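J.: The structure's right below; bear with me while I get my questions together.
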Amino acid sequence: MVEYEYAKAIFELAVEEKKTELFLDYFNGLLDVLSTSKDFYKFLASPLVDTKEKIRGIQKVFNRLDSTFIQFLCVLVQANRFDLVEAIEEEYKKLLSDFNSILKIEVISSEKLAKKRQEEISRSLAKRYPDKKLFIENSVNPKILSGLQIICNGQSLDLSLKNRLTKLKNSL
């Protein structure tokens, strides 16, 4: 994945310069600007616009940002990869979470979990991932009849009643 390689490059620079959180803030600000100004995003992502003109636009709009981050944006423009900036930001966030030993876990349930149940799940997952700081997010999906789905590191553990019934049906 090309976006991972770009994220890794800017992340390594951020670590070296001790600016990992600052660069995450820059990514967030950049995406805010691009989401509110679709024309500016199209301008930067368009292969029809001259590269030097795009770089001048970046330097003008983002002149208050760190020079390393601005240079990174210029590299994306020169490589015609600016259209990957959102995916690069996602990969950067993953790298930062790994660097800070944070593990994001999504717990999907049929209804909002009670605080006590969230704490039980948190304790159970903490045993499984003792060297990580867990960030557990509960989302609701009414299609889950009962039980939970736990998504972590791209893997899903389906503990829902629907999944159990499906397994039972398939075994018969």
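Please treat every number below as a calculation from the coordinates, not as lab data. This structure is a prediction, so every number in the text was calculated from the model and none was measured. Heads up, the Cβs are rebuilt from the backbone with ideal geometry, glycines too, and the neighbour counts pull from every protein chain shown.
J.: For the chain, what is the convex hull (Cα atoms) projected area averaged across all directions, in square nanometres? Could you put the intermediate results ahead of the total?
T.: Numbers: hull surface 54.6 nm².
Orientation-averaged projected area of the Cα hull: 13.6 nm².
J.: Below 25 Å, Cα to Cα, which lysines can Lys167 reach? Residues fewer than 8 away in the same chain don't count.
T.: Cross-link targets: Lys143.
J.: Could I ask something else about it? Scan the chain and hand back the longest stretch that contains none of the trypsin sites (Lys or Arg not before Pro) lying in DSSP loops with at most 11 other Cβ atoms within 10 Å. Don't skip to the end; give the middle numbers.
T.: Values: sites that count: Lys18, Arg64, Lys112, Lys143.
In the chain, the maximal stretch lacking such sites is 65-111.
J.: Same structure, new question: For segment 108-148, what percent of Cα pairs sit more than 14 Å apart? Please report the intermediate quantities before stating the final value.
T.: On the way: 407 of 820 pairs.
The answer is 50 percent, as a whole percent.
J.: What number, in nm² with one decimal, is the all-direction average of the projected area of the convex hull of the alpha-carbon atoms of segment 42-126?
T.: Working: hull surface 35.2 nm².
Result: a mean projected hull area of 8.8 nm².
J.: Among Phe135, Leu44, Ile150, flag the residue with its Cα farthest along the positive direction of the charge dipole of segment 28-172, charges on Cβ as +1 for Lys/Arg and -1 for Asp/Glu.
T.: Ile150
J.: Of the GluC sites (Glu not before Pro) in segment 16-54, which ones lie in a loop per DSSP and count no more than 13 other C-beta atoms within 10 Å?
T.: Working: sites: Glu16, Glu17, Glu21, Glu53; in loops: Glu17.
Listed in order of number, the matching sites are Glu17.
J.: Compute the separation of the alpha-carbon centres of segment 133-172 and segment 1-30 and state it in Å as a whole number.
T.: Computed from Cα coordinates, the inter-centre distance equals 33 Å.
J.: Could I ask something else about it? Lys and Arg at +1, Asp and Glu at -1: add these up for the other residues within a Cβ distance under 11 Å of Tyr26 and post the number. Please list the in-between numbers first.
T.: Working: positive: Lys19, Arg64; negative: Glu21, Asp25, Asp32, Asp66, Glu89.
Taking every other residue near Tyr26 into account, the sum is -3.
J.: Using amide H atoms built in the peptide plane, which far-off residues or other-chain residues are under 5 Å from Ile105 H to H?
T.: Amide H neighbours of Ile105, under 5 Å, 5+ apart: Phe135, Ile136, Glu137.
J.: Going down the table (Lys8/Lys104; Lys93/Lys132; Lys19/Lys52; Lys18/Lys54; Lys104/Lys132; Lys93/Lys133), which pairs top 21 Å between alpha carbons? Present the calculation step by step, with values, prior to reporting the outcome.
T.: Numbers: Lys8/Lys104 19 Å; Lys93/Lys132 16 Å; Lys19/Lys52 27 Å; Lys18/Lys54 28 Å; Lys104/Lys132 10 Å; Lys93/Lys133 15 Å.
From Lys8/Lys104; Lys93/Lys132; Lys19/Lys52; Lys18/Lys54; Lys104/Lys132; Lys93/Lys133, over 21 Å: Lys19/Lys52; Lys18/Lys54.
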